[in-house]
Amino acid sequence: MRFRIKRHRNCKLLVVGLILVACSNLFGSEKAELMSTPVVRYSGFDSEKLRAMYEIDFIFKKCPDFYVVYCSPTEKKMAADFYDATIAWADSVMSNSFNGELIIRNVETAMSITGKKGQILFTPMNGWSFDQDWYYESSKISATTLRVRMWKLLKPALKVKTPQTNSSLDTN
């Protein structure tokens, strides 16, 4: 059976073009714009687990989907790696209005399809050290916001011992 292609050539070209655009969006590197400096909040004290909680929000125009947050031992900072996305500041942002340390890098890597990775290196405050019993977790809380929740375990300065009774001292 032979199909007549002449009549539908324009439709086929349109479909092929749409597939190519979709593939380029799928495998192309996107630009993630930070819309403000990170927002650091003290979110409270957890008396049950004895920890002080902090939250750092990174607000993007559109938050990338593929990311990893970890503590970089070589940089001595927290790191957020965004695969297949480069990071840039929006024109309206003053990038020096953050109290902690903040470095944005776009590097080449073999770990992404496009070979590019955006990276944000940060500390919540100057003089911060991860070696001081800090823990963290991250989640994308909206289409625009990546939240890094950090907490520090607090160790009491004094242990209170409860009085123990000695059964051999009982007098009858």
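Taking a 1.4 Å probe, which of Ser92, Ser138 shows the most accessible area, and what order do the others take after it? Walk me through the intermediate numbers first.
Values: Ser92 100, Ser138 45 Å².
Ranked from most to least accessible, the order is Ser92, Ser138.
Provide Leu50, Leu102 ordered by accessible surface of protein heavy atoms (probe 1.4 Å), highest first. Write down the numbers at each step before the final one.
Details: Leu50 75, Leu102 45 Å².
Highest to lowest solvent-accessible surface, that is Leu50, Leu102.
Taking a quarter of the surface of the convex hull around the Cα atoms of segment 57-142, what do you get in nm²? List each step's numbers first, then the result.
Working: hull surface 25.2 nm².
Projected area, direction-averaged: 6.3 nm².
I'd like the accessible area for Ile103, computed on protein heavy atoms only with a 1.4 Å probe and all protein chains in place. Round to 10 Å², please.
70 Å²
For a 31 Å ceiling on Cα separation, which of these pairs sit above it: Lys49/Lys76; Lys117/Lys155; Lys76/Lys116?
Working: Lys49/Lys76 26 Å; Lys117/Lys155 38 Å; Lys76/Lys116 23 Å.
Beyond 31 Å between Cα atoms: Lys117/Lys155.
Between Asp133 and Lys62, how many nm apart are label points set 7 Å from Cα along the C-beta direction?
4.4 nm
Protein chains only, probe 1.4 Å: how do Met53, Met150, Met125, Met111 rank by accessible area, largest first? List each step's numbers first, then the result.
Working: Met53 25, Met150 0, Met125 75, Met111 140 Å².
Per-residue accessible area, sorted high to low, gives Met111, Met125, Met53, Met150.
Quick check: from the Cα gyration tensor, does segment 24-87 come out rounded (a/c under 1.5), prolate or oblate? List each step's numbers first, then the result.
Values: a/c = 2.70, a/b = 1.95, b/c = 1.39.
Here segment 24-87 falls in the prolate category.
The values are calculated or read from the model by the stated rules, or taken from the named source; none is laboratory data. Computed from a prediction, not measured in an experiment: that's the story for all the values here. We place every Cβ from the backbone using ideal geometry, glycine too, and count neighbours over all the protein chains shown. Only protein heavy atoms, including side chains, enter the accessible area calculation; ligands, DNA and RNA are left aside. Shrake-Rupley method; radii C 1.70, N 1.55, O 1.52, S 1.80 Å.
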